[in-house]
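Colleague: Take this structure first; my questions come after.
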Amino acid sequence: MLLLVDLDNTLVDRTSAFACWATNFVRSLGRPHSDAAWLITADRDGYEPRGSLALAIKQRFRMDRGIEALVDTLLFEHVELMTMDPRTRIALREAREAGWRIGIVTNGATAQQTQKIEHLGIEPYVDCVVISEAVGMKKPDAGIFRLAAQEWGCDLTDGWMVGDHPIADISGGRAARLKTGWVSRGQEWPNDVPPPTLTRRTAAEVIDALIRIDARNARRRRQG
């Protein structure tokens, strides 16, 4: 069985790490806390292009720092603040022990996403990592999911895509003929988007559910 998993806000807590960094960054500039709230909102949970966010920061805070330096700051300074729920590590390990092939499919800069994976020691839990910048396509393009499946010659119709973003992860996974598991993080599913195959609050809960579903289906096959 193929299990493709998103990285940011699925396997790792990107939102909290960026919020912590933004608070510290604004404080270092002697700015009020309201500016940290502005920065967190402007980031759009990582979906605002780094160049445009860097320009907005430079203009709002009247900084002398160049755009390229600010982009590097945005890409890398929050990485060391990122965490991974121990239950997610357990779920990944149990999925591999149950025979799942696991791949990370993530949008983002290759150097940044690689640094996150290395910082949190995720490599032992996955078989493959596909990063959008490295392959020249990004979610929700179905091609990036097909590329990940080709790593092992897996059939996408037998696979799952697990992630937190309704469009990039769930609609993209569905377009690639994958079943989909939404990591809701306590949010409501948008009414204008077709729903996922299943929903749980955390990545660990989604992966645990998939393991149980696969085990149940295997028992039914054995029983004829």
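The values are calculated or read from the model by the stated rules, or taken from the named source; none is laboratory data. Small disclaimer: the values here were computed from a predicted structure and weren't measured. Note: ideal-geometry Cβ built from the backbone for every residue, glycine included; neighbour counts use all protein chains shown.
Colleague: Please find, within the stretch 35-67, the residue that is nearest to the chain's Cα centre (by Cα) out of those that are of a type in the set (Val, Ile, Thr) and surrounded by 13 or more Cβ atoms within 10 Å (Cβ to Cβ). Quick ask: steps written out before the conclusion?
Modeller: Within the stretch 35-67, the first condition is being of a type in the set (Val, Ile, Thr), and the residues that meet it are 40-41, 57, 67.
This time we only want the ones that are surrounded by 13 or more Cβ atoms within 10 Å (Cβ to Cβ), so: 40, 57, 67.
Working: Ile40: 18, Ile57: 24, Ile67: 25 Å.
The selected residue is Ile40.
Colleague: Out of the stretch 45-88, which residues are in a helix (DSSP H, G or I), within 16 Å of Ile117 (Cβ to Cβ) and either touching an Asp or Glu at 6+ places or on another chain (Cβ under 8 Å) or β-branched (Val, Ile, Thr) (or both)?
Modeller: Let us first name the residues in the stretch 45-88 that are in a helix (DSSP H, G or I), namely 45-46, 50-61, 67-76, 79-81, 86-88.
With within 16 Å of Ile117 (Cβ to Cβ) added as a condition, the list becomes 46, 75-76, 79-81, 88.
Selection gives Gly46, Val79, Thr88.
Colleague: Hey, another quick one. Would you point out which residue out of Arg27, Arg31 is assigned to a loop (DSSP other than H, G, I, E, B) and either touching a Phe, Trp or Tyr at 6+ places or on another chain (Cβ under 9 Å) or of a type in the set (D, E, K, R) (or both)?
Modeller: Details: Arg27 fails: assigned to a loop (DSSP other than H, G, I, E, B).
Result of the check over Arg27, Arg31: Arg31.
Colleague: Please go through the stretch 124-142 and give me each residue that is at pLDDT below 95 and among the acidic types (Asp, Glu), ordered by number.
Modeller: Result: Asp127, single match.
Colleague: How many residues, within the stretch 1-24, are buried (at least 21 other Cβ atoms within 10 Å of the Cβ) and either assigned to a helix (DSSP H, G or I) or charged (D, E, K, R) (or both)?
Modeller: 6
Colleague: From Thr157, Thr199, which residue is surrounded by fewer than 19 Cβ atoms within 10 Å (Cβ to Cβ), modelled with pLDDT under 95 and of a type in the set (Ser, Thr, Tyr)?
Modeller: Values: Thr199 fails: modelled with pLDDT under 95.
Going through Thr157, Thr199 in turn, just one is surrounded by fewer than 19 Cβ atoms within 10 Å (Cβ to Cβ), modelled with pLDDT under 95 and of a type in the set (Ser, Thr, Tyr): Thr157.
Colleague: Follow-up. I need a count of the residues in the stretch 174-196 that are within 27 Å of Gly143 (Cα to Cα), surrounded by fewer than 18 Cβ atoms within 10 Å (Cβ to Cβ) and of a type outside the set (Gly, Ala, Ser).
Modeller: First pass over the stretch 174-196, keeping only residues within 27 Å of Gly143 (Cα to Cα): 174-185, 189-196.
This time we only want the ones that are surrounded by fewer than 18 Cβ atoms within 10 Å (Cβ to Cβ), so: 175, 177, 184-185, 189-195.
Still in the running and of a type outside the set (Gly, Ala, Ser): 177, 185, 189-195.
Residues in the stretch 174-196 being within 27 Å of Gly143 (Cα to Cα), surrounded by fewer than 18 Cβ atoms within 10 Å (Cβ to Cβ) and of a type outside the set (Gly, Ala, Ser): 9 in total.
Colleague: Does Glu151 count as under 30 Å from Glu80 (Cα atoms) and surrounded by fewer than 16 Cβ atoms within 10 Å (Cβ to Cβ)?
Modeller: On the way: under 30 Å from Glu80 (Cα atoms): yes; surrounded by fewer than 16 Cβ atoms within 10 Å (Cβ to Cβ): yes.
Answer is yes for this residue.
Colleague: Separate question: Mind checking which residues of the stretch 96-124 are under 25 Å from Arg177 (Cα atoms) and either touching a Lys or Arg at 6+ places or on another chain (Cβ under 6 Å) or β-branched (Val, Ile, Thr) (or both)?
Modeller: Ile102, Ile104, Val105, Thr106, Asn107, listed by residue number.
Colleague: Could you tell me whether Glu77 is outside the structural domain of Thr202 (by TED's automatic domain parsing) and surrounded by fewer than 20 Cβ atoms within 10 Å (Cβ to Cβ)?
Modeller: On the way: outside the structural domain of Thr202 (by TED's automatic domain parsing): yes; surrounded by fewer than 20 Cβ atoms within 10 Å (Cβ to Cβ): yes.
Taking the combined requirement at face value, the residue satisfies it.
Colleague: Among the residues of the stretch 16-46, write down those that are of a type in the set (Ser, Thr, Tyr) and either in contact (Cβ under 8 Å) with a residue 60 or more places away in the chain or assigned by TED's automatic domain parsing to the domain that holds Thr106 (or both).
Modeller: Going through the stretch 16-46, the residues of a type in the set (Ser, Thr, Tyr) turn out to be 16, 23, 28, 34, 41.
Residue satisfying the conditions is Ser16 alone.
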